[in-house]
Amino acid sequence: MARLDETHDDGGRRYSLAGQPLSCGDLLEVQLRDGWLPVRFEMDAQGYAVFYLPLSEGRGLESQVELRLPDFADLRWPQEDVHANIQVAKLRGLVEALTDLVQRPDDASDEERAQAAAEARALLRETAPRVLEAL
């Protein structure tokens with residue numbers, strides 16, 4: 001748990017959390033009595049911290065609430081999802097391998113290209129089944 005830190009420089013007011021600078025749009029979590037609530041960090045026209053709480057998915061600006069939190073509010077960066085990080089690493093590796101195949105098609109055999117395509121399909125099925133259904 002940490003508190004929002006406010007500093008000033010030539011560019012104006014700046015905020016950080018747990019030693020990490022904040023940018024508008026960063027997702028954070030604020031602690032409530034019953035748990036943690038996801039919020040989005042923004043700054044108003046005067047440079048003060050404002051937080052937005054989404055009320056529902058995909059309904060635009062009218063489906064969020066603006067919050068002004070007290071100085072003593074406990075905040076944290078969202079807890080990392082280890083499974084998601086592993087999937088991202090797999091996807092990056094696969095994209096690099098496919099990029100190499102595209103850039104040097106004569107260096108790969110038909111079998112290597114087929115294997116790379118099969119791995120890409122399998123990884124997409126595992127990480128994003130809805131994407132495959134749409135294709």
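Those residues that are at pLDDT below 90 and either in a strand (DSSP E or B) or surrounded by 13 or more Cβ atoms within 10 Å (Cβ to Cβ) (or both), I need them from region 40-64; list them, please. The answer is G47, L53, P54, Q64.
Scanning region 96-121 for residues that are in a helix (DSSP H, G or I) and of a type in the set (A, V, I, L, M) turns up A97, L98, L101, V102, A114, A116, A117, A118, A120. Taking the listed residues G11, G35, the one that is closer than 14 Å to P78 by Cβ and either loosely packed, with under 10 Cβ neighbours inside 10 Å or modelled with pLDDT under 90 (or both) is G35, with no other qualifying.
Okay, residues lined up against (1) loosely packed, with under 11 Cβ neighbours inside 10 Å; (2) modelled with pLDDT under 90; (3) touching an Asp or Glu at 6+ places or on another chain (Cβ under 6 Å):
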residue: L28; (1), (2), (3): no, no, no
residue: P78; (1), (2), (3): no, yes, yes
residue: V88; (1), (2), (3): no, yes, no
residue: P105; (1), (2), (3): yes, yes, no
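The values are calculated or read from the model by the stated rules, or taken from the named source; none is laboratory data. Computed from a prediction, not measured in an experiment: that's the story for all the values here. Every residue, glycine as well, gets a Cβ built from its backbone with ideal geometry; the counts of neighbours run over all protein chains shown.
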